[in-house]
Structure formats: structure tokens, C-alpha cells
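Here the structure comes first, spelled out in C-alpha cells, and everything after it is commentary.
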Amino acid sequence: MDAFLSQPTSHGYAPQADRVPAIQLKNEIKARAATTDESSSSILHSALRTYPLSVAGQLPRSDALTLTVRRQCTAETVDANGHLPEKLRK
């Protein structure tokens, strides 16, 4: 099998240690959104309560964080017979 390996390029970015808390917060928000039934505002409020203010400038806008939560939430699907889940039935 032939493989093409390229040499490292000089193009790159310096490490940004101040971005680590923002990345950790986004990962925490994504994990919570995927595993709980909480509303997006509830997830964001509880996550941002403990976030250090000294690095708050590294966070995306609140509407972008809300979209991040909504993308991770699982949509309710129908079962094998095409019926809604029990919790959505009246």
C-alpha cells in the first residue's frame, strides 16, 4: 500500500492556555445536554454559575451556547411500530 506522508509545515498556532476553561465548559454543557432532559437555559445557567469570571471573555455568545445545547439534545423518535414514546402520549 502506498502512503503519502507530508512533512510538518511552519503554519501553526501557539498554544492558548486561557482557552482551556472555555473548552471544558462547552464539553460539560454538551455532555449534560445529551444525557438529561433539562431545558437549555437550565443547563447553561447551572454551568455558567461556576465558570470563572476572569476568563469569561473566551466564551462564545450566549445564543451560540444555546444552539450548542440544542444540537446535543436527542430528538424523540418513534418506536418500531411508528408510535410516539409513552411520555409524549396524552
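Computed values, structure above
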| item | result |
| --- | --- |
| Hits in the stretch 38-71 - residues which are among the acidic types (D, E) and out of contact with any helix residue (DSSP H, G or I) (no Cβ under 9 Å at 6 or more places or on another chain) | D63 |
| Residue identified as free of Cβ contacts under 8 Å to residues at least 60 places away in the same chain and in contact with a Lys or Arg (Cβ under 6 Å, 6 or more places away or on another chain) among I23, I43, I29 | I43 |
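Laboratory data are not the source of any read-out in this text; all were calculated from the coordinates shown. Quick caveat, the model's predicted, so the values are computed rather than measured. Methodologically, a virtual Cβ is constructed for each residue, glycine included, from the backbone with ideal geometry; neighbour enumeration extends over all protein chains shown.
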